[in-house]
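Presented below is the structure to which this report refers.
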Amino acid sequence: MGWLILILIAVEIAAALILLRVNRVLRSMVGAALMLGAAGYAWQGSPMLPASGARPDAIRLADDPALVDLRERMLGRFTADAAYLTASDAMARAGDQRSAVRAILGGLNRYPRSVMLWTALGTALAAHDGNQPSPPAVFAFDQAIRVAPLHPAPHFFLGLARVRANDYAAARAEWARALALSPRGASYRRDIAVRLMLIDRLLAEQGR
């Protein structure tokens, strides 16, 4: 299928060059570029595999850049414990997951009952352990729930860790709980509802 699409594109470009009466030199350059692209596709692509659509819902669930804003709306931004989270975020962006975890642990030494930091620790540990909700990560999320049993954030971000591990059924249960705990007038309630809808769509596609 991949080769057929590539051939069709080449034919369309060739026809356009002829109809537009492009001079021979430019036609040769375009032809060379097409040949180079075809060679790269044959080398690095998988032309014999059937076409497969992207999974935009899964991408939006796990890697939406608005997640930081959502976290701040759920947990706050201008607080003393948030400063440790800012440092952890910077280290995580630099690829240093271990230091990201240590920054949050430093905050927990000072603010041991911070739902923000326990939730962030769960997220950081899951990232450190290969985007898996490992036992230490789950312990951190559980501790956040014990500190603030009626707060939606621990359930939401535990669900996010489940999504990143492709455990959509378990993630759905956490997000449903997060939505149930979200106040009616909260700015983030709709964000959670949209993600719950997307995960329901994924589960429906998988026949669950």
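Per residue of region 128-135, what does 6.51 cos²θ - 1.76 cosθ + 1.60 with θ = phi - 60° give for ³J(HN,Hα)? Whole Hz please, x for Gly and Pro, Karplus curve as stated.
Karplus values, whole Hz, x for Gly and Pro: 4, 9, x, 6, 10, x, 5, x.
Quote the FRET efficiency, to the nearest 0.05, computed for Arg184 versus Leu150 with a Förster distance R0 of 22 Å and r equal to the Cβ-Cβ distance.
Result of the calculation: an efficiency of 0.95.
Between Ala193 and Arg73, what is the label-point separation in nm under the 7 Å Cα-to-beta-carbon projection?
1.2
How far apart, in nanometres, would the label points at Arg110 and Ala169 be if each is projected 7 angstrom from Cα along the Cα-to-Cβ direction?
4.4
Residue by residue, what Karplus-based ³J(HN,Hα) values in Hz, rounded to whole numbers, does region 159-164 have, using 6.51, -1.76 and 1.60 with θ = phi - 60° and x for Gly and Pro?
So the Karplus estimates, Gly and Pro as x, are x, 4, 4, 5, 4, 5 Hz.
What is the calculated FRET efficiency for Arg102 to Ala66, with r their C-beta to C-beta distance and R₀ = 30 Å, to the nearest 0.05?
0.65
Every read-out reported here was derived from the displayed coordinates using simple, explicitly stated rules and does not represent laboratory data. Values in this document were obtained by computation on a predicted structure and should not be read as measured data. Using ideal geometry, Cβ is built from the backbone for each residue, glycine included, and neighbour counts are taken over all protein chains shown.
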